[in-house]
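Every number in this text was worked out from the coordinates using simple rules, so none of it is lab data. Source: prediction; values computed, not measured. Note that we place each Cβ from the backbone using ideal geometry, even for glycine, and neighbour counts take in every protein chain shown.
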Amino acid sequence: LVVNHEYTNEQLMFAGVASESAPTTPEQKRIAMMAHGISVVEVQRHGRTGEWRPVRNGRRNRRITTDTPMELTGPAAGSPYLRTS
């Protein structure tokens with residue numbers, strides 16, 4: 001199961017942030033960036049009910065954030081559209 005954490009609202013996350021354009025501290029910016037990303041949770045069906053449950057300590061369980069290293073391969077690798085500073 002993969003869940004996308006695409007949008008954060010700093011007004012809801014941090015006390016004292018009054019608007020979308022209000023300044024935030026470097027620590028608040030770091031926290032907001034870490035709130036974006038993807039969660040991967042291994043799930044398994046159980047019993048006769050077919051209920052889905054998370055697999056504790058599943059080998060696929062992980063969190064992918066803005067700090068997660070990745071390697072692009074295949075036809076897109078090296079494209080100038082995918083380069084960053």
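The H on the amide N of HIS5, modeled in the peptide plane, is under 5 Å from the matching H of GLY37, ILE38, SER39, each at least 5 residues off or on a different chain.
Rounded to the nearest 500, what is the 222 nm mean residue ellipticity of the chain from helices alone, with -39500 (n - 2.57) per DSSP H run of 4+ residues and division by all residues?
On the way: 2 runs with 14 residues, N = 85.
Rounded to the nearest 500, the figure is -4000 deg cm²/dmol.
To the nearest ten degrees, helix 26-35 and the longest principal axis of the Cα atoms of the chain are 30 degrees apart. Summing Cβ point charges (Lys, Arg +1; Asp, Glu -1) relative to the Cα centre of the range 1-80 gives a dipole of roughly 600 debye. Scalar couplings 3J(HN,Hα) for the range 5-21, obtained by applying the Karplus form with A = 6.51, B = -1.76, C = 1.60 to θ = phi - 60°, are 9, 8, 10, 10, 10, 5, 5, 7, 7, 10, 5, x, 8, 7, 8, 4, 8 Hz; x denotes Gly and Pro.
If the segment from MET13 to THR66 were pulled out straight at 0.36 nm per residue, it would be longer than the present Cα-Cα gap by 17.3 nm. Using θ = phi - 60° in the Karplus curve 6.51 cos²θ - 1.76 cosθ + 1.60, the 3J(HN,Hα) couplings for the range 58-68 round to x, 5, 8, 5, 6, 10, 10, 10, 5, 9, 7 Hz; x is entered for Gly and Pro. Spin-label model, VAL41/VAL2: points 7 Å from Cα along the beta carbon direction are separated by 1.6 nm. Across the chain, Cα pairs under 8 Å and at least six residues apart give a relative contact order of 26 percent. Both radii are taken from the alpha-carbon atoms of the chain; with Rh as the Kirkwood radius, Rg/Rh is 1.11.
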